[in-house]
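Heads up: the structure comes next, in structure tokens.
The values are calculated or read from the model by the stated rules, or taken from the named source; none is laboratory data. All of these numbers come straight from a predicted model, not from anything done at the bench. Neighbour counts run over all protein chains shown; Cβ positions are idealised from the backbone, glycine included. Keep in mind that these areas ignore ligands, DNA and RNA; they rest on the heavy atoms of the full protein, side chains included. Shrake-Rupley method; radii C 1.70, N 1.55, O 1.52, S 1.80 Å.
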Amino acid sequence: MEEITSVQWFPGHMAKTRRKMKEALPLVDLVAELLDARVPLASRNPDLRSIVGQKPRMVLLNKSDTADEAVTRRWIAAFAAQGVAALAVDCKSGKGLNQVLPLAREILKDRIAAWERKGMGSRPIRVMVVGIPNVGKSSFINRLAKSGKAKVADRPGVTRGNQWFSIGKGGELLDTPGVLWPKFDDPAVGERLAFTGAVKDDVVDTEGLACRLLAWLRDAYPGRLEERYKLTDLEGLPGHELLYAVAKKRGMLISGGELDTERAAATVLDEFRAGRLGRISLERPEETE
Ligand code: G4P
């Protein structure tokens, strides 16, 4: 996983994105942290807390269409127990997005009451979305901007170049997301991000990755592999045997009749990411301390 860190992120890159985010923070009332609902921990950047400081924050569990619904509900409860309001969203279909502004209002209710006392009750709530690459930031902005339609003109005093989208009555979204970097200190984090496709396959050992995913799926979601690949007796098989079984069942061979494990690995990863193995959560709140 060392390799992944150095390929995609380097200190200069992180310093630049941190600086950009810090510059935008004074312009917004709330930071919407986009996480991948399948891996809310691996897709989280613990440094965000120090970057946003006291600025109110909400967590949006995106790609909830691909995650296990029951697990996502437990994540929302786990975040709530830590005092963080979280919401499941799906920026592909738009599901859950109509709850974003009402939740923002709820989080900011004291502030809004203060605005009202000062006669600034009509002031819109300004939101910035942040998240690691590929978590769905552009999809989120495009979806909300589409439903809100109007682009709000630059105001005097607001950093030049920043555009705001109206996201419904009383809400505005900054058009530039904050790009966070993943934390690869724990190799398991890098691996889970690679499972979801957030880390590019050209920097990882695809076959090894597929073997580990197969072994994990066999244990965590019994029956799914059996059903998808029409396999039986998977109990206790090591990952590479599972990969052989998939290659064999799908008739994936290279010249000479050997099993094409490379192709089988790519197939397993693609099908997992496309949701063909069903809705799956790779992390559960009860597994964390
Ligand atoms: P980013 O700005 O944070 O880098 O992410 P972006 O919006 O580009 O989204 C990355 C990929 O995730 C896109 O897929 C996007 O369609 C997909 N995505 C975003 N939100 C959701 C969601 O809620 N559910 C699902 N299932 N997928 C989501 P892509 O393959 O890169 O492009 P495409 O398939 O849209 O062409």
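Odds and ends about this structure:
- From the list Ala88, Ala78, the lone residue that is near the ligand (Cβ under 10 Å from one of its atoms), small (Gly, Ala, Ser) and modelled with pLDDT of 95 or more is Ala88.
- Members of region 241-269 found to be within 18 Å of Asp201 (Cα to Cα) and open to solvent by 80 Å² or more (accessible area, probe 1.4 Å), listed by number: Glu262, Arg263
- The residue that is farthest from Ile125 (Cα to Cα), among those in region 19-63 that are assigned to a strand (DSSP E or B) and within 14 Å of the ligand (Cβ to nearest atom), is Asp36.
- In region 178-192, the count of residues that are over 21 Å from the mean Cα position of the chain (by Cα) and charged (D, E, K, R) is zero.
- Region 130-144, residues that are more than 7 Å from the ligand (Cβ to nearest atom), open to solvent by less than 50 Å² (accessible area, probe 1.4 Å), touching a residue at least 40 places away in the same chain (Cβ under 8 Å) and assigned to a helix (DSSP H, G or I): Leu144
- For region 206-233, the tally of residues that are outside any helix (DSSP H, G or I) and either in contact with a helix residue (DSSP H, G or I) (Cβ under 7 Å, 6 or more places away or on another chain) or free of Cβ contacts under 8 Å to residues at least 24 places away in the same chain (or both) stands at 6.
- Checking each residue in region 26-48 for being under 19 Å from Leu103 (Cβ atoms) and open to solvent by 20 Å² or more (accessible area, probe 1.4 Å) picks out only Arg44.
- Of the numbered criteria (1) within 16 Å of the ligand (Cβ to nearest atom); (2) open to solvent by 30 Å² or more (accessible area, probe 1.4 Å), the one Gly83 fails is (1).
- Boolean, Ala274 is surrounded by 13 or more Cβ atoms within 10 Å (Cβ to Cβ) and over 27 Å from Ala81 (Cβ atoms): no
- One residue stands out among those in region 193-233 that are within 16 Å of the ligand (Cβ to nearest atom) and not small (Gly, Ala, Ser): the one that is farthest from Ile132 (Cα to Cα), which is Asp202.
- Subset of region 100-129 (residues that are within 14 Å of the ligand (Cβ to nearest atom) and open to solvent by 60 Å² or more (accessible area, probe 1.4 Å)): none
- If the condition is being open to solvent by 50 Å² or more (accessible area, probe 1.4 Å) and either part of a loop (DSSP other than H, G, I, E, B) or modelled with pLDDT of 70 or more (or both), then region 147-162 contributes Lys149, Ala150, Ala153, Asp154, Arg155, Pro156, Gly157, Thr159, Arg160, Gly161.
- Being open to solvent by less than 20 Å² (accessible area, probe 1.4 Å), out of contact with any strand residue (DSSP E or B) (no Cβ under 8 Å at 6 or more places or on another chain) and in contact (Cβ under 8 Å) with a residue 12 or more places away in the chain is a property that Pro187 lacks.
- Flag if Leu173 is open to solvent by less than 10 Å² (accessible area, probe 1.4 Å), outside any loop (DSSP other than H, G, I, E, B) and either modelled with pLDDT under 85 or more than 16 Å from the ligand (Cβ to nearest atom) (or both): no
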